[in-house]
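Quick notes on the structure that follows.
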Amino acid sequence: MNKTDAEKRIAELRSEIERHNYLYYVMDAPAINDFEYDRLMRELQDVEKEYPELMTPDSPTQRVGDKPLEKFENYTHPYRMYSLNNALNGEEFDDFYRRVVKEIYGGGLFSPAFSCEHKFDGLAVELIYERGVLICASTRGNGEVGELITANARTIKSIPLRLNQGCPEWLAVYGEVLMYKADFVELNRNRLEQDEPEFANPRNAAAGSLRQLDPKITASRKLRFHAYGARTKEGEKTMNSITSQFAKMTYLRDLGFPVSPHRIKAQSIGDITEFHRKWENDRSKLKYEIDGIVVKLDDINAQDELGYDAKSPKWAVAWKFKPAVETTILRDVEYSVGRMGTITPTAIFDPVILSGARISRATLHNFNEVIRLDVKIGDSIIVERSGDVIPKVVGVIKEKRPTDAGEIVPPEKCPVCGQRAEQVVGEVAYMCTNPECPAVVRERVKHFVSRQAFDIEGLGEEIAARFIELGFLRDASDIFLLKNHESELKELERFGEKSVNNLLKAIEKASKIEYWRFINAIGIRYVGEQTARILADTFQPFAAFMEAPEEILMSAREVGETVARSIRAFFDNPGSRSMLKRLFANGVEIIYPEKIGAADSPIAGMTVVFTGKADGFTREEFKEIVRKHGGTPSESVSGNTSILVAGENAGSKLDKAKKFGVKIVSPKDFLELLKLSE
Ligand code: IVH
């Protein structure tokens, strides 16, 4: 493609991708699926790679995240970023309402319009656009000075990098960065698998993800933006002469910003009260968290007349919901068994309504939590819907303990198969010791066939449970032997010829499996989807991964001691080895990703260590480069090290490399070796 064509195609692709972002994030009406979207993105990446000089910061390909920062720069907001006064109950809201009506209209029977919106529970962000292009993003800080987070904001797909037509010359947009509840649950699930601390609620997760010095981490976190305000330098006349708060939100939506679809222009205090009541009850149905409603005087001229106090507008108030905390009575503790055999206690209590949902059970995570809370059956307990999502027992009211409160004892037996339960040395969890426990097998099969693993449709939970009961499945590898039971399967009640044929076909198809899915499927503790992807990129072929010592495993990104030890324990366990053997014997075949240029790479198969400082790349980038070229990056020098790349201020690793006779090169030579230098 010549440069003129490339320029044209880049413009087409960018506007097409932006249109789909708008349809998806703002209008909530996607027109294409993920696959087609990715294809457009990939084409754009390819053309931009061919003509790097045509790359601009507002290209959608730039959302993957820039280089890590040393620290955040301070940023003085062009105008103060205001906060909101709270009304904690109906009386306090009435006070606000009456004051506004009195100040503006002298009281009496006036019933001015108010714009009612959701109060998003995330963190406030300011975005500045010049000539329609995002030029900077910042957090609120103390209202006058915040932190510059432009690179991170660029990774958030619902923040437009370029505005739709008709935008003002200069525009400051205010809104909230937040994480959807489902994305929060997913993130915590991954963190738990990787033994990382969970976030307490979606707001903390959003804050922690936005304030990352490495924008690539922010990019991986699925953050969202919702706008709730804007201003120009000259005032509203440059915003289509808008005089209504409600109309301003619609205007922002048309420029390309997601705004809440659930907002009303209320004409009476009754409408406002009804809006508050509705969302206090229905908040759990929303994709995102809200902790109240925001009520704003709709007439913008009247807003200006009322003005601001030190920190907040006088024309708006945040009418908060009752916090989602209740006390109730603990009636029982139930135990369930997970895929790894871990026995998890669940608290069963008298039902309470928390943010609109009826709740009567909450996980206690592990037995240590029972000890930490010092909780007994019959206790009055405090239950919170942590971040509106997952109910949690947060405390016990000891003064109210009845004299006959029942001790909660650790499980001696597996609640499902009845075999001995044991606390693993050095761990808090109690485990079922029976590798063939039906609950464990059922959970393993469920994981094994799930979408991010073997992805076998038609082997749902109920059917799997039946097969286990009938003895067709003793472990997950038996799935590939089901074809030997074809005629027996066809005899089964409610399981006709056609469904058996379809199932066997799906199993056959699934037996050729992408490498990372395979690693995820086999069920190594602490190895979830994300870690499986990293491991698959880092260690090839599977046989090498199976034999890698802990130290080498830890050279992979995001793999720490716990994960490395768990991988080793898995492969050193004869049970896992025989399961793997059976999988391959039963026809499973791993499909490996193609490595870029790995075949003729000068470092293919080599272990490469980096020490000191280099101009050309960061530590993380170094690892990526090595992996891409078919080598294995490692943190420490040993007899197995092939090359040490020694930058400035190289220390003890250099001495060690000399001792072992390892080849030592400078960062510059290293890049030259891989033909990466300019
Ligand atoms: S308006 C000048 N509207 O709540 C007006 N704020 O507790 C300033 N918030 O700092 C804010 N949803 O981060 C406004 N619909 C909404 C909001 C909202 C959430 C946040 C915002 C603000 C904080 C105050």
ask   = Which numbered condition trips up Lys265, out of (1) in a loop (DSSP other than H, G, I, E, B); (2) within 15 Å of the ligand (Cβ to nearest atom); (3) surrounded by fewer than 17 Cβ atoms within 10 Å (Cβ to Cβ)?
value = (1)
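Rundown of residues vs (1) closer than 30 Å to Glu92 by Cβ; (2) of a type in the set (Asp, Glu); (3) modelled with pLDDT under 95; (4) away from the ligand (no atom under 16 Å from the Cβ), yes/no style:
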site: Ala318; (1), (2), (3), (4): yes, no, no, no
site: Phe321; (1), (2), (3), (4): yes, no, yes, no
site: Glu334; (1), (2), (3), (4): no, yes, yes, yes
site: Arg339; (1), (2), (3), (4): no, no, yes, yes
site: Thr344; (1), (2), (3), (4): no, no, yes, yes
site: Ile348; (1), (2), (3), (4): no, no, no, yes
site: Pro351; (1), (2), (3), (4): yes, no, yes, yes
inquiry  = Tally up the residues in the range 173-205 that are in contact with a Phe, Trp or Tyr (Cβ under 8 Å, 6 or more places away or on another chain) and part of a helix (DSSP H, G or I), please.
reply    = 8
task = Please work out if Tyr526 is on the phi > 0 side of the Ramachandran plot and under 31 Å from the mean Cα position of the chain (by Cα).
result = yes
ask   = When the residues of the range 106-122 are filtered to those that are of a type in the set (Phe, Trp, Tyr) and closer than 18 Å to Gly270 by Cβ, which remaining residue is farthest from the ligand (Cβ to nearest atom)?
value = Phe110
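Considering only the range 567-667, give the helices (runs of 4 or more DSSP H) lying wholly within it that have at least 3 residues that are in contact with a Phe, Trp or Tyr (Cβ under 9 Å, 6 or more places away or on another chain) and modelled with pLDDT of 90 or more.
Values: elements: 574-585, 619-628, 652-660.
In the range 567-667, the matching helices (runs of 4 or more DSSP H) lie at 574-585.
Test Gly132 against the stated conditions and say whether it is buried (at least 18 other Cβ atoms within 10 Å of the Cβ), on the phi > 0 side of the Ramachandran plot and away from the ligand (no atom under 16 Å from the Cβ).
Working: buried (at least 18 other Cβ atoms within 10 Å of the Cβ): yes; on the phi > 0 side of the Ramachandran plot: yes; away from the ligand (no atom under 16 Å from the Cβ): yes.
It is true that Gly132 is buried (at least 18 other Cβ atoms within 10 Å of the Cβ), on the phi > 0 side of the Ramachandran plot and away from the ligand (no atom under 16 Å from the Cβ).
Please find, among Arg372, Arg358, Arg442, the residue that is of a type outside the set (Ser, Thr, Tyr), surrounded by fewer than 16 Cβ atoms within 10 Å (Cβ to Cβ), modelled with pLDDT under 90 and outside any loop (DSSP other than H, G, I, E, B).
Working: Arg372 fails: modelled with pLDDT under 90; Arg442 fails: surrounded by fewer than 16 Cβ atoms within 10 Å (Cβ to Cβ).
On inspection, the qualifying residue turns out to be Arg358.
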task = Tell me which residues, restricted to the range 180-198, are buried (at least 20 other Cβ atoms within 10 Å of the Cβ) and free of Cβ contacts under 8 Å to residues at least 24 places away in the same chain.
result = Asn188
ask   = Is one or more of the residues making up the range 152-172 among the charged types (D, E, K, R), part of a loop (DSSP other than H, G, I, E, B), closer than 17 Å to Lys222 by Cβ and away from the ligand (no atom under 15 Å from the Cβ)?
value = yes
task = Filter the range 213-236 down to residues that are closer than 27 Å to Leu286 by Cα and of a type outside the set (Val, Ile, Thr), then give me how many there are.
result = 12
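Could you pull out the residue among Gly605, Gly631 that is surrounded by 19 or more Cβ atoms within 10 Å (Cβ to Cβ) and closer than 23 Å to Ala536 by Cα? If you could, list the steps in order and put the result at the bottom.
Details: Gly605 fails: surrounded by 19 or more Cβ atoms within 10 Å (Cβ to Cβ).
Criteria check complete, one pass: Gly631.
The values are calculated or read from the model by the stated rules, or taken from the named source; none is laboratory data. Not measured: the values here are computed from a predicted model. In this analysis, Cβ positions are derived from the backbone assuming ideal geometry, glycine residues included, and neighbour counts consider all displayed protein chains.
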